[in-house]
1. Of the residues that sit in region 311-323 and are modelled with pLDDT of 95 or more and hydrophobic (A, V, I, L, M, F, W, C), which one is surrounded by the most Cβ atoms within 10 Å (Cβ to Cβ)?
2. Give the residues of region 173-207 that are touching a strand residue (DSSP E or B) at 6+ places or on another chain (Cβ under 7 Å), surrounded by fewer than 24 Cβ atoms within 10 Å (Cβ to Cβ) and among the polar types (S, T, N, Q), sorted by residue number.
3. Evaluate region 173-180: report whether one residue or more is part of a strand (DSSP E or B), out of contact with any His (no Cβ under 8 Å at 6 or more places or on another chain), among the charged types (D, E, K, R) and within 28 Å of Ala297 (Cα to Cα).
4. Could you please give the count of residues in region 341-357 that are out of contact with any helix residue (DSSP H, G or I) (no Cβ under 7 Å at 6 or more places or on another chain) and in a helix (DSSP H, G or I)?
5. Give just the number: which of (1) within 15 Å of Val236 (Cβ to Cβ); (2) of a type in the set (Ser, Thr, Tyr); (3) within 24 Å of the chain's Cα centre (by Cα) does Tyr288 not satisfy?
6. Quick check on my filter: what residues within region 283-308 are closer than 23 Å to Ala222 by Cα, of a type in the set (A, V, I, L, M) and touching a residue at least 12 places away in the same chain (Cβ under 8 Å)?
7. Considering region 252-293 alone, what residues qualify as being over 25 Å from Thr331 (Cβ atoms) and among the polar types (S, T, N, Q)?
8. So, of the residues in region 39-93 that are at pLDDT 75 or above, of a type in the set (Val, Ile, Thr) and part of a helix (DSSP H, G or I), which turns out to be nearest to Ala108 (Cα to Cα)?
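The values are calculated or read from the model by the stated rules, or taken from the named source; none is laboratory data. All figures in this text were calculated on a predicted structure; none of them were measured in a lab. Heads up, the Cβs are rebuilt from the backbone with ideal geometry, glycines too, and the neighbour counts pull from every protein chain shown.
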Amino acid sequence: MTVTADGPRDGARPPRLPRRTRLLLHCAFLLLVAAVVADLLTGPGTTLSPVLAVAPVLVGATTRRARVPLATGVAAAVAAGLLERGNTAVSGSVHLTALVTILAATLASTANVVLISSRERELLQVRTVSEAAQRALLRPPPERIGPLRIAVRYVAAAAEARIGGDLYEVADTPFGIRVLLGDVQGHGLSAVETAADVLGAFRAAARTEPDLARLAGRLDAALVARPDNERFATAVLLGVGGPGGSALLVNCGHPHALLRRAGRVTELVPSRHAPPLGLLDLLGGGRYRADPFEPLAGDLLLLHTDGFSEARDPAGRFYPITDRLAALHATAPDDLLDDLLDDLAAWVSPTGLDDDAAALALRWEY
């Protein structure tokens, strides 16, 4: 990244200011104009020219180009000189103070614009790298594998948080189709590192481990073996053997999978609740259990993280994902997830999401 005195070399767009901020700036500009008019009307003996020092400061809040507050400061100095010309009733020290104040405010505002522009470009570069890392970590699944049509969506809770601990993977293996959706505890780069470990263990073990429950156990062991061993991950694993065959689900402390069949949505509650990955030994040991269910043609299975189920509206109510999924009319996984995200965004508006949200939809089409 290269930053010049005028801001980023490749051009900078004016910042998009919130409505309240724009209103406050407009009021400040009006007060500045009123001060100049008052100075003209009061005549000799008084001067309000020092207030022109706020002009480059106000302009600096609306731009990311350093030349703008510089030009405004020069214009303010010229205007102050015109206001004071012939005003012999005011001492020369007042005129000098006004000029020095305008120049100091201009330089400070220009430096602030350059600094903010540089920081924003650095943030943009970090976001770009984060998005590239996220794409490398979370590869988009095929649109179709065997009898399954597949779609996935990942939504960050904030524009600044484009990388997080939600994870997913779909693998076509000698033992059938294996699907993983999970959510690592916490946020930030440490959560991403944990997610990378889980995905790496899944990609390796999914093609060598014939038993889905033991596959979940190997993911748990991979987390336990981490040097820090401080994070856990909720997850749900799906195994699909082939057309017309039963499917298996292993739930590791994750929100229940939702099965939509003939317009009705059912939570697939595990026969025995199990702890998240990384906590199996801490909570009594044992092993994970795979529960079968019989998919039919046209069935749609939704796997999601708690970014959906724990999203709240302004009144504090949780998003009723089961009811909302049943109310949606789309059948194709891609269309369904688009509609679901639109509905979720409307539910949490205007506060927005508190957590990242990931969803993976699969539809059986024999």
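1. Ile321
2. Selection gives Gln185 alone.
3. yes
4. 6
5. Exception for Tyr288: condition (3).
6. Ala290, Leu303
7. Ser271
8. Val57
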